[in-house]
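S.K.: There's a structure below that I have some questions on.
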Amino acid sequence: MPLPAIDPLDLEICLGSADDYAARGGAMSPPIVQSSLFAFPTLQALSEAQAEEHRRFVYSRGQNPTVEALERQLAALERGSVAKAFGSGMAAVSATIIGLLEGGDHIVFVNQTYGPTLQLAELLSRFGVEHTVVASGVPDEVAAALRPNTRMLWMESPGTMLFGTLDLRSLVDLAQSRDLLTCLDNSWATPLFLKPIELGIDLVVHAGSKYLAGHSDVLSGAVIGPEGLMEQIFYRGYMLLGASLSPFDAWLQIRGLRTLPLRLQQHHEGGLRVAEFLAQHPAVERVYHPGLAAIPPTEFRGYSGLFSFALGSNRREDVHSVVDALRRFRIGVSWGGPESLVYSPQSGDPEELRARGLPPGLIRLSVGLESPPSLIEDLEQALGGLR
Ligand SMILES: *Cc1c(COP(=O)(O)O)cnc(C)c1O
């Protein structure tokens, strides 16, 4: 199978431009500006900088040169105007929703949504922000959920756990006709495989902790969007929540971006090969991978390595025995690192799984950078133990 093509401009951005090197005296790696504050020659100069703290270095809870270098790369990759980096993906999610919505506003979550994002929405109901979940993601059902006070559509494509993709063009049309803000959590595809802003989405959110940093050693997040909205997110969300990214973690993520194109090509290939193996296995009822859908989506340049499958068996013990028998997949949350991981929501209450629309035999894999045949062999032995 051919590897997905990476946009040549994206390759250049991930490596850092020649101008960037020149500006730092030729240093191949950017400096880590490990400073919490920046001093000024006069009090007047300080107060001028404070008046536009979203673009001046005053205090590193606002802007920091190393963090800003990462932000320039992320904005360029998403083809957006401005990026803000955060200390985690959830910090980016929280600052976006808190920064842009008021008490009395309504937000619609489209598709299966990341659990903690929905928990945040629950918490915000205490402050008068209402929400509705349209887990199917079908545009007509989204339209039916809109209210006069709906302000934002929050989307994930593919969605969490079941990896169904959205008809983004129809949803953007719907949002524009009703004057709604649109925000897409693009952690799964990364800007290399999906460019939401080019499709008309206003804001893109990332858990940089996953593929962007990519080495299971950094927590980070980001939001990318137009200047006006980003200023609001900066002053009403980011600065007040205080979830800033440390200069060292920004540097690690800049380093991670250098290999992102190569890593994603490998995750794409490994993920598809493992998914195709599972799709023909008799113990597997269904594979949830966008590339194996009856009508594969057209707006993705490639697929990352995270997907799920359901066992034919509904027995909780069978999920545990398959997961525990795997040797090359480590058991853990999160994803996007070099090592393959396995997770199942099955450890919880079966009723709750059903309420979330998840099949009881669901197992999620994050296919890492190991050789695909060795991962397939491991799955074969683990599934073989079922009968
Ligand atoms: C992990 C994740 C987040 C949150 O990122 P953290 O860095 O863990 O806070 C947000 N959205 C999606 C889709 C994620 O998978």
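S.K.: Counting just the residues of the range 190-218 that are hydrophobic (A, V, I, L, M, F, W, C) and within 12 Å of the ligand (Cβ to nearest atom), which one comes out farthest from I6 (Cα to Cα)? First the steps, then the outcome.
M.R.: Going residue by residue through the range 190-218, those that are hydrophobic (A, V, I, L, M, F, W, C) are 192-194, 197, 199, 201, 203-205, 207, 212-213, 218.
Narrowing further to those that are within 12 Å of the ligand (Cβ to nearest atom): 204-205, 207, 212-213, 218.
Numbers: V204: 19, V205: 21, A207: 21, L212: 15, A213: 18, V218: 24 Å.
The residue in question is V218.
S.K.: Testing L123 on (1) within 16 Å of the ligand (Cβ to nearest atom); (2) free of Cβ contacts under 8 Å to residues at least 60 places away in the same chain; (3) within 27 Å of A310 (Cα to Cα), one condition comes back false. Which one is that?
M.R.: L123 satisfies every listed condition except (3).
S.K.: For the range 279-317, name all the residues that are over 24 Å from L262 (Cα atoms), modelled with pLDDT of 95 or more and part of a helix (DSSP H, G or I).
M.R.: Once the filter is applied, which keeps residues that are over 24 Å from L262 (Cα atoms), modelled with pLDDT of 95 or more and part of a helix (DSSP H, G or I), the range 279-317 yields only A279.
S.K.: Are any residues in the range 151-167 under 17 Å from P297 (Cβ atoms) and away from the ligand (no atom under 16 Å from the Cβ), and if so, which ones?
M.R.: Listed by number, the list holds a single entry, D167.
S.K.: Of all residues in the range 341-374, count the ones that are of a type outside the set (D, E, K, R), under 20 Å from T259 (Cβ atoms) and out of contact with any strand residue (DSSP E or B) (no Cβ under 6 Å at 6 or more places or on another chain). Steps first, answer last, please.
M.R.: Step one: of the range 341-374, the residues of a type outside the set (D, E, K, R) are 341-348, 350, 353, 355, 357-363, 365-369, 371-374.
After this cut, where a residue has to be under 20 Å from T259 (Cβ atoms) as well, the list is 341, 366-369, 371-372.
Checking the rest, the ones that are also out of contact with any strand residue (DSSP E or B) (no Cβ under 6 Å at 6 or more places or on another chain) come to 367-369, 371-372.
Residues that pass the stated criteria total 5.
S.K.: From the list A51, A85, A76, exactly one residue is at pLDDT 95 or above, in the same structural domain as L229 (by TED's automatic domain parsing) and surrounded by fewer than 18 Cβ atoms within 10 Å (Cβ to Cβ). Which is it? If you could, list the steps in order and put the result at the bottom.
M.R.: Values: A85 fails: surrounded by fewer than 18 Cβ atoms within 10 Å (Cβ to Cβ); A76 fails: surrounded by fewer than 18 Cβ atoms within 10 Å (Cβ to Cβ).
The unique qualifying residue is A51.
S.K.: In the range 219-245, how many are in contact with a Ser or Thr (Cβ under 8 Å, 6 or more places away or on another chain) and either modelled with pLDDT under 95 or more than 26 Å from I6 (Cβ to Cβ) (or both)?
M.R.: 8
S.K.: Let me ask something else about it. Does R79 satisfy the condition of being on the phi > 0 side of the Ramachandran plot and not hydrophobic (A, V, I, L, M, F, W, C)?
M.R.: On the way: on the phi > 0 side of the Ramachandran plot: yes; not hydrophobic (A, V, I, L, M, F, W, C): yes.
Yes.
S.K.: On the given criteria, is S187 in contact with a Lys or Arg (Cβ under 6 Å, 6 or more places away or on another chain) and within 12 Å of the ligand (Cβ to nearest atom)? Full working, then the answer.
M.R.: Working: in contact with a Lys or Arg (Cβ under 6 Å, 6 or more places away or on another chain): yes; within 12 Å of the ligand (Cβ to nearest atom): yes.
For S187, the condition - in contact with a Lys or Arg (Cβ under 6 Å, 6 or more places away or on another chain) and within 12 Å of the ligand (Cβ to nearest atom) - is met.
S.K.: Which residue is farthest from G270 (Cα to Cα), if the candidates are limited to the range 331-353 and must be outside any loop (DSSP other than H, G, I, E, B) and within 21 Å of the chain's Cα centre (by Cα)? Let's see the steps before the verdict.
M.R.: At the first step, the residues of the range 331-353 found to be outside any loop (DSSP other than H, G, I, E, B) are 331, 341-343, 345-347, 350-353.
Then keep just the ones that are within 21 Å of the chain's Cα centre (by Cα); that gives 331, 341-343, 345.
On the way: I331: 18, L341: 13, V342: 15, Y343: 18, P345: 23 Å.
So, considering only residues that are outside any loop (DSSP other than H, G, I, E, B) and within 21 Å of the chain's Cα centre (by Cα), the one farthest from G270 (Cα to Cα) is P345.
The values are calculated or read from the model by the stated rules, or taken from the named source; none is laboratory data. These numbers come from a predicted model, not from an experiment. We place every Cβ from the backbone using ideal geometry, glycine too, and count neighbours over all the protein chains shown.
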